[in-house]
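Below is one structure; the comments refer to it alone.
The values are calculated or read from the model by the stated rules, or taken from the named source; none is laboratory data. This structure is a prediction, so every number in the text was calculated from the model and none was measured. Don't worry about glycine lacking a Cβ; one is built from the backbone with ideal geometry, like all the others, and counts go over all protein chains shown. Surface areas here come from the heavy atoms of the whole protein model, side chains and all, with no ligands, DNA or RNA. Shrake-Rupley method; radii C 1.70, N 1.55, O 1.52, S 1.80 Å.
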Amino acid sequence: MTIHTESQIEINVGVDVGKSTLDIVLHPLDLHFQIPNEETSIRKIVQILKSQNVTRIVTEATGRHEHAFVFACDQANLPIVVVNPVSIRRYAQAIGVLAKTDKIDASVIAR
């Protein structure tokens, strides 16, 4: 799967990490993927992300559930950033996002 974008668009990827799934949003394209948080699916999404002009990939630190995804991105030389989930929540509140679903969280992280 290839997502066509103009080269001057900065694509930020937000990843909400769960024990069994990863919710992934590409901003500003407003594309959402939910994949199993397991090695085969992670390899596939990393290849998709690698084919895009991704400026940065931001994921929350969960303590361990993000490790496989972060490692795969690092191995693929993708620009991965791990942030404190408290900072994400505070940012969401500051921009007026009070609802909390995995897709909304991934979207906030991507911003």
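Within region 26-57, being more than 13 Å from the chain's Cα centre (by Cα) and among the hydroxyl-bearing types (S, T, Y) holds for T40, S41, S51. For region 24-37, the set of residues classified as more than 16 Å from D102 (Cβ to Cβ) and open to solvent by less than 70 Å² (accessible area, probe 1.4 Å) consists of L29 only. Quick check on region 10-32. Is at least one of its residues among the acidic types (D, E) and touching a His at 6+ places or on another chain (Cβ under 8 Å)? Checked region 10-32: at least one residue is among the acidic types (D, E) and touching a His at 6+ places or on another chain (Cβ under 8 Å). Of all residue pairs spaced 6 or more apart or on separate chains, those with beta-carbon atoms under 8 Å, a first member in region 63-74 that is more than 16 Å from K50 (Cα to Cα) and touching a residue at least 40 places away in the same chain (Cβ under 8 Å) and a second member that is open to solvent by 50 Å² or more (accessible area, probe 1.4 Å) and basic (K, R) are H65/K19. Restricted to region 62-99, and to residues there that are surrounded by 11 or more Cβ atoms within 10 Å (Cβ to Cβ) and part of a loop (DSSP other than H, G, I, E, B), the residue that is farthest from the chain's Cα centre (by Cα) is V97.
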